[in-house]
Amino acid sequence: MKRATSRVTFGGFGVLEKKFIRVYTKFKLHFYRETFARFQNREASLTTVESFAMEAIYALGNPTVRQFAEFMGISSSNAAYKTASLVRKGYLIKERSKTDAREYHLVPTQKYLDYYNVSADYVHIVMERIKKRFSAEDVTKIEEVLSVMSEELMSEVPL
């Protein structure tokens with residue numbers, strides 16, 4: 001059996017793709033390292049799937065259980081089960097909808113925001129470094145590129 005190399009080469013990708021994947025991977029690895037360091041002496045209370053679920057809920061901006069289920073492509077009962085676990089663990093609360101008393105919105109708690117800020121804090125640090133390293137015109141261009149990517153080129157992921 002052939003042994004896999006320790007470095008992913010992203011064969012077939014162009015330079016732009018490789019550079020983007022490298023930046024994206026560095027953000028992920030920083031988050032993983034910081035998260036592991038925080039939980040070094042105690043068991044992490046969020047499973048990997050629950051972490052993904054919380055990231056989606058946060059990004060969707062307080063969705064209903066139904067909206068969360070539709071976005072994730074899972075059944076409403078599966079979504080209800082996942083969110084109930086997150087409520088029990090203190091990462092999520094359910095707020096009754098002001099427009100439809102039968103619906104509840106999923107709202108991340110401060111406990112989750114403290115967890116999430118591990119990633120957001122590093123993004124802020126890198127953005128401050130960008131502002132120092134590049135001209136105001138370059139920063140404006142980076143902002144424009146990111147806006148176009150988010151709003152036009154990633155239409156499969158509506159936020």
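The values are calculated or read from the model by the stated rules, or taken from the named source; none is laboratory data. From a predicted model like this one, the values you see are computed outputs, not experimental measurements. Cβ coordinates were reconstructed from backbone atoms using ideal geometry, including for glycine residues, and neighbour counts include every protein chain displayed. Surface areas here come from the heavy atoms of the whole protein model, side chains and all, with no ligands, DNA or RNA. Shrake-Rupley method; radii C 1.70, N 1.55, O 1.52, S 1.80 Å.
What the Cβ-Cβ distance of N117 and S85 gives, at R0 = 22 Å and to the nearest 0.05, is a FRET efficiency of 0.50. Let me make sure I get this right: for region 97-159, a, b and c are the square roots of the gyration tensor eigenvalues over alpha carbons, sorted descending. Under 1.5 in a/c it's rounded, otherwise prolate if a/b > b/c, else oblate. Which is it? Verdict is oblate for region 97-159.
Where only DSSP H runs of four or more residues are counted, the chain gives -20000 deg cm²/dmol as its mean residue ellipticity at 222 nm, each run worth -39500 (n - 2.57).
The mean accessible area for residues of the chain, using a 1.4 Å probe and ignoring ligands and nucleic acids, is 77 Å² per residue. Quick check: pseudo-label points 7 Å beyond the Cα along Cα→Cβ at E156 and E137, how many nm apart are they? Here the modelled spin labels are 3.6 nm apart. The Cα atoms of region 71-112 give a gyration tensor whose axes a ≥ b ≥ c have a/c of 1.5 or more with a/b no greater than b/c, which makes the shape oblate. Label-to-label distance for N62 and V126 is 2.9 nm, based on points extended 7 Å past Cα in the beta-carbon direction.
Extending 7 Å from Cα along the Cβ direction at V49 and again at S77 yields two label points whose distance is 1.5 nm.
The aspartates and glutamates within cross-link reach of K132, meaning a Cα-to-Cα straight distance under 20 Å and a gap of 8 or more places when in the same chain, are D121, E143, E144.
Taking only the Cα atoms of the chain, the radius of gyration and Dmax are 19.0, 60 Å. Of all lysines in the structure, the ones whose alpha carbon falls short of 16 Å from that of K28, not counting any fewer than 8 places away in one chain, are K18, K19. Cβ-Cβ distance of V15 and A101, R₀ of 41 Å, FRET efficiency by 1/(1 + (r/R0)^6): the value works out to about 0.15.
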